[in-house]
Amino acid sequence: MDKTPFGMTARPFSLRGSLVPATMTGFTACLLAAICLVSGTLARKGFGPGEQEWGYVQVRPNANMFWWLYYTSANVSSYYDKPLIIWLQGGPGASSTSYGNFEELGPLDLDLKPRNYTWVKDYNVLFIDNPVGTGFSYTTSSTAYATTNAQIASDLVECMRGFLKKLPKFANVSTYITTESYGGKMGAEFALAWYKAQQAGTIKSKLKGVALGDAWISPIDSVLTWGPFLYQTGMVDKNGLSEIDRAARATQDAVRTGKWRAATNLWSYTEGVIVKVTHNINFYNILTKTNYMYGKNWFLSNPMLKRDDGVSVYDASLTNLMNGPVKRALNLSVNHGVQSNTVFSKLQEDFMKPVVDKVELLLNQTDLKVIVLTGQLDLIVDTPGTFDWVDKMQWKGRREWRLTDRVPLTAQNVIEGYATSYGNLAMYWVNRAGHMVPKDNPAAMAQILKRFTG
């Protein structure tokens, strides 16, 4: 039998954990086919444990989006007894199939060891490489990259049409969008566009909600609170606070005057100021140990755009994994991540634009569940900035929301965070977590998902 990338003997085909001989013929083969027809899918052996499916959808001419589904490993009679959860990574240009999968919530970690808190144990999980050009998604024309959030949302709806055409049984499965960082900005508009298509009958599905995790919904609210947050946590002194605030106010001026590309550059510059005055703080978890940055002007003399969720397309381990064993196992011809930097550059004009209005529309005009997650140790989309835009939203439950008590979120009698919920909005403050909540506090994330999916 063939060997897996881990050097273990591969199962020729597995169906809910049972072994099927590779040389089956006649009645056995027919029986297997019948069973698969009943379950509604002929699952494939992809990379790692469990049944999987993957494929491409051409969402526009020259624009091809890749998706990778892990069927749940829960002990159920049918996969479709469990919800479908979609994961969208941030960036823009960071890959769901690589970072979200192997670093946060998939069945294997980056060392290819089983993850005991994988979401796949309880849900069907769909990773989408989005926008087009991210990860294994690709374009065949320089004009096919998305340049606006609206285009990204439209592409994602088209991707789901293609996914549901291939796996139509999921049209009747309760489906939830989960996101992180810039993925939240994309996910909010995606959820709204999908809901409208669902209501119009142009897509048959059961979208039930969207989770906005440490989401880049109102970029300027994050930037303006960076200085005070760092000062109040003892990461900078008053001089550092003053330097950060000057850069943040310049970013705010660009946003106010609609100079969006300049705002993106000033956002990056403000991050540079923070790196200088903190001597290289980790933006994604402020308590993470980092190397001392020699020469306090090093970053400012080496301008660059940082990914908003800390995922670099040059991460050697992930790149080698995706372009080696994973690519071979899935029999793909596209190199992973080669267009990701272009994805980011094409969206520089759109990067700092808020989508608070899209969240307001979700709350006011849909019955979708909307949850907002914030990790207490995240700087890039810090908790104060997140609460600022949530508190300022104009929606029908605003008054009652402000009067609703915040209650503890517990797991095994430990307070993992806090929750406030009214109407179709819930907000979760997650303790001991930075930007990557599923990775930093899986116990809290498990409780949140249970509430989210009902």
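The values are calculated or read from the model by the stated rules, or taken from the named source; none is laboratory data. The structure presented is a predicted model; accordingly, all values stated were derived computationally and were not measured. We place every Cβ from the backbone using ideal geometry, glycine too, and count neighbours over all the protein chains shown. For accessibility, only protein heavy atoms count, side chains too; no ligands or nucleic acids. Shrake-Rupley method; radii C 1.70, N 1.55, O 1.52, S 1.80 Å.
Restricted to the stretch 155-175, and to residues there that are in contact with a Pro (Cβ under 8 Å, 6 or more places away or on another chain) and open to solvent by less than 10 Å² (accessible area, probe 1.4 Å), the residue that is farthest from Leu212 (Cα to Cα) is Val173.
Within the stretch 191-210, the residues that satisfy the criterion of being part of a loop (DSSP other than H, G, I, E, B) and open to solvent by 40 Å² or more (accessible area, probe 1.4 Å) are Gly201, Thr202, Lys204.
Among the listed residues Thr179, Thr134, which satisfies the condition of being outside any loop (DSSP other than H, G, I, E, B), closer than 16 Å to Trp67 by Cα, open to solvent by less than 10 Å² (accessible area, probe 1.4 Å) and of a type in the set (Val, Ile, Thr)? Even if it seems obvious, please write down each step before you answer.
Details: Thr134 fails: outside any loop (DSSP other than H, G, I, E, B).
Going through Thr179, Thr134 in turn, the sole match is Thr179.
Pairs are defined by a Cβ separation below 7 Å, a sequence spacing of at least 6 or placement on different chains, a first member in the stretch 349-367 that is in contact (Cβ under 8 Å) with a residue 12 or more places away in the chain, and a second member that is of a type in the set (Ser, Thr, Tyr) and surrounded by 21 or more Cβ atoms within 10 Å (Cβ to Cβ); the pairs so defined are Phe351/Thr264; Met352/Thr264; Pro354/Ser218; Val356/Ser218; Thr366/Tyr195.
For the subset of the stretch 358-376 comprising residues that are of a type in the set (A, V, I, L, M, F, W, C) and part of a strand (DSSP E or B), which member is farthest from Leu192 (Cα to Cα)? So the residue we want is Leu373.
Being at pLDDT below 50 and farther than 21 Å from Asp378 by Cβ is the filter; apply it to the stretch 309-323 and report the residue that is surrounded by the fewest Cβ atoms within 10 Å (Cβ to Cβ). For the stretch 309-323, the residue satisfying everything is Tyr314. In the stretch 239-258, the residues that are open to solvent by 30 Å² or more (accessible area, probe 1.4 Å) form Cβ pairs under 8 Å with partners that are among the basic types (Lys, Arg), at six or more places apart or across chains, as follows: Glu243/Lys276.
Restricting attention to the stretch 211-224, which residues are of a type in the set (A, V, I, L, M) and open to solvent by less than 10 Å² (accessible area, probe 1.4 Å)? Can you show your working first?
Within the stretch 211-224, the first condition is being of a type in the set (A, V, I, L, M), and the residues that meet it are 211-212, 215, 217, 220, 223-224.
Within the stretch 211-224, Ala211, Leu212, Ala215, Ile217, Val223 meet the criteria.
Listed by position, the helices (runs of 4 or more DSSP H) enclosed by the stretch 377-444 that each have at least 2 residues that are surrounded by fewer than 16 Cβ atoms within 10 Å (Cβ to Cβ) are 383-392, 398-403. Among the residues of the stretch 102-117, those that are outside any helix (DSSP H, G or I) and surrounded by fewer than 24 Cβ atoms within 10 Å (Cβ to Cβ) comprise Pro107, Leu108, Asp109, Leu110, Asp111, Leu112, Lys113, Pro114, Arg115, Asn116, Tyr117.
Given the criterion closer than 25 Å to Val355 by Cβ, open to solvent by 10 Å² or more (accessible area, probe 1.4 Å) and within 17 Å of the chain's Cα centre (by Cα), identify the matching residue among Tyr123, Tyr99.
On the way: Tyr123 fails: closer than 25 Å to Val355 by Cβ.
Going through Tyr123, Tyr99 in turn, just one is closer than 25 Å to Val355 by Cβ, open to solvent by 10 Å² or more (accessible area, probe 1.4 Å) and within 17 Å of the chain's Cα centre (by Cα): Tyr99.
Annotation note: Cβ proximity below 6 Å between a residue of the stretch 55-69 that is open to solvent by less than 20 Å² (accessible area, probe 1.4 Å) and a residue that is of a type in the set (Ser, Thr, Tyr) and not in a strand (DSSP E or B) (sequence gap 6+ or interchain) occurs for Met65/Ser137; Phe66/Ser137; Trp68/Thr97. Within the stretch 405-424, residues that are over 21 Å from Val390 (Cβ atoms) and among the hydroxyl-bearing types (Ser, Thr, Tyr) sit with their Cβ atoms under 8 Å from residues that are modelled with pLDDT of 95 or more and not in a strand (DSSP E or B), at 6+ positions apart or across chains, in these pairs: Thr410/Gln447. Restricting the first residue to the stretch 148-164 and requiring it to be within 18 Å of Phe344 (Cβ to Cβ) and among the polar types (S, T, N, Q), which pairs with a second residue that is at pLDDT 95 or above and assigned to a helix (DSSP H, G or I) meet a Cβ separation below 6 Å and a spacing of at least six or different chains? Hits for this filter: Asn149/Glu189.
Residue-wise test of (1) on the phi < 0 side of the Ramachandran plot; (2) at pLDDT below 95; (3) under 21 Å from the mean Cα position of the chain (by Cα); (4) surrounded by fewer than 14 Cβ atoms within 10 Å (Cβ to Cβ).
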{"position": "Gly295", "(1), (2), (3), (4)": "no, yes, no, yes"}
{"position": "Phe299", "(1), (2), (3), (4)": "yes, yes, no, no"}
{"position": "Arg307", "(1), (2), (3), (4)": "yes, yes, yes, no"}
{"position": "Pro325", "(1), (2), (3), (4)": "yes, no, no, no"}
{"position": "Arg328", "(1), (2), (3), (4)": "yes, no, no, yes"}
{"position": "Met352", "(1), (2), (3), (4)": "yes, no, yes, no"}
{"position": "Val355", "(1), (2), (3), (4)": "yes, no, yes, no"}
{"position": "Leu362", "(1), (2), (3), (4)": "yes, no, yes, no"}
